[in-house]
Amino acid sequence: MSTIRTRKKTTVQTIVAKKANGEKITCLTAYDYFIGRLLDQAGIDIVLVGDSAANVVHGFKTTIPITLDVMIAHTAAVSRGVERALLVTDMPFLSFQPSIETAIISCGRCMKEGFAEAVKIEGGIEMVPTVKRLIECGIPVMGHIGLTPQSIHRFGGPKVQAREERSRNYLKESALALEEAGCFSCVLELMEANTAAEITSSLTTMATIGIGAGRECDGQVLVTNDLLGLREPEFTPKFLKQYADLPPIISEAVSKYINEVKSGTYPGPEHSY
């Protein structure tokens, strides 16, 4: 049995313990069974079924159009490939905002039908009553503050947060409130690194997961497609580091297949029954 397979199951308590021990936390997105399995086998701590599926899988310009039913389907697919990592699913736009009751039903479906082990909810201090009730119902919650993509139209685009005192104060207060409400972790997205560092150091039981928020966060998250180069060429945010360039590899393989089919080389005798 491989080393990865013998590792203990990652839980929300594992994530909190990693923060306490000063151990960095890793998180990447997955939207299907096979990528979920690869991330899990590679040793990732958290597999996030992001509503970014709206962008990188379904081709939408924002995350807003993706529905709860679609997110549940993606989460269920990923869950079949993830054995060790903590499986978290993004709650899509309007699946939790209308009321606490709506949030409970939506999040409950993600756990019952999608087999998620925690949910991620965007929003700051205003979401505290919802977070508290979800946790009371046995649903672990990951927060998300800073740039919250579901509110992209209110922000007027992907703008860096915490550049004004009012914004910094709101983010700091929100982080403390979400920790008090019981969140085990919180994504800090696209905010000044100094503010993210201050937030991280002010918390004791809620791990911060940064994306475009500097290196002092307790962990980091990226969209796996972006990490692999499977993104639009014009999408080049400063925070993104591309670790592989798959498009030319895929294009070359497809071109070879086309040429071999047209030339009659494939399928050969070794591929025939």
| task | Select from region 142-184 the residues that are at negative phi and in a strand (DSSP E or B) and list them in ascending order. | result | Met142, Gly143, His144, Ile145, Gln161
| message | Only one of Pro233, Pro248 is modelled with pLDDT of 95 or more and surrounded by fewer than 10 Cβ atoms within 10 Å (Cβ to Cβ). Can you tell me which? | response | Pro248
| task | Show the residue pairs that are 6+ apart or on different chains and have beta-carbon atoms under 8 Å apart, the first residue being within region 6-29 and not assigned by TED's automatic domain parsing to the domain that holds Ile46, the second being hydrophobic (A, V, I, L, M, F, W, C) and surrounded by fewer than 13 Cβ atoms within 10 Å (Cβ to Cβ). | result | none
| message | So if I check each of Thr208, Thr265, Thr204, which one is surrounded by 17 or more Cβ atoms within 10 Å (Cβ to Cβ) and at pLDDT 95 or above? | response | Thr208
| request: Answer yes or no as to whether Gly138 is in the same structural domain as Leu48 (by TED's automatic domain parsing), among the small types (Gly, Ala, Ser) and within 19 Å of the chain's Cα centre (by Cα). | output: no
| message | Let me spell it out: the conditions are (1) small (Gly, Ala, Ser); (2) in contact with a helix residue (DSSP H, G or I) (Cβ under 8 Å, 6 or more places away or on another chain); (3) within 30 Å of Cys137 (Cβ to Cβ), and Ala162 meets all of them except one. Which number is the exception? | response | (3)
| note | The number of residues in region 80-96 that are more than 14 Å from the chain's Cα centre (by Cα) and either crowded, with 24+ Cβ neighbours inside 10 Å or not aromatic (Phe, Trp, Tyr) (or both) is 8
| note | Sole miss for Asn225 among (1) part of a helix (DSSP H, G or I); (2) assigned by TED's automatic domain parsing to the domain that holds Thr29; (3) more than 24 Å from Thr62 (Cα to Cα) is condition (3)
| field | Sole residue being in the same structural domain as Ile211 (by TED's automatic domain parsing) and at positive phi, chosen from Gly81, Gly50, Gly43 | value | Gly43
| query | Mind checking which pairs have a first residue in region 84-102 that is within 25 Å of Val47 (Cβ to Cβ) and touching a residue at least 24 places away in the same chain (Cβ under 8 Å) and a second that is exposed (fewer than 15 other Cβ atoms within 10 Å of the Cβ) and not aliphatic (A, V, I, L, M), Cβ under 6 Å, 6 or more apart or different chains? | reply | Arg84/Arg7; Arg84/Lys9
| query | Which ones in region 205-233 are acidic (Asp, Glu), touching a helix residue (DSSP H, G or I) at 6+ places or on another chain (Cβ under 7 Å) and over 18 Å from Ala162 (Cα atoms)? | reply | Asp218
| task | List every residue pair whose Cβ atoms lie under 8 Å apart, where the two residues are 6 or more positions apart in sequence or sit on different chains, the first residue falls within region 119-144 and is farther than 20 Å from Thr200 by Cα, and the second residue, located anywhere, is crowded, with 24+ Cβ neighbours inside 10 Å and aromatic (Phe, Trp, Tyr). | result | Thr130/Phe96
| query | Would it be correct to say that Ile72 is hydrophobic (A, V, I, L, M, F, W, C), in a helix (DSSP H, G or I) and either modelled with pLDDT of 95 or more or surrounded by 20 or more Cβ atoms within 10 Å (Cβ to Cβ) (or both)? | reply | yes
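The values are calculated or read from the model by the stated rules, or taken from the named source; none is laboratory data. Remember, it's a predicted structure, so these values are computed and weren't measured experimentally. Don't worry about glycine lacking a Cβ; one is built from the backbone with ideal geometry, like all the others, and counts go over all protein chains shown.
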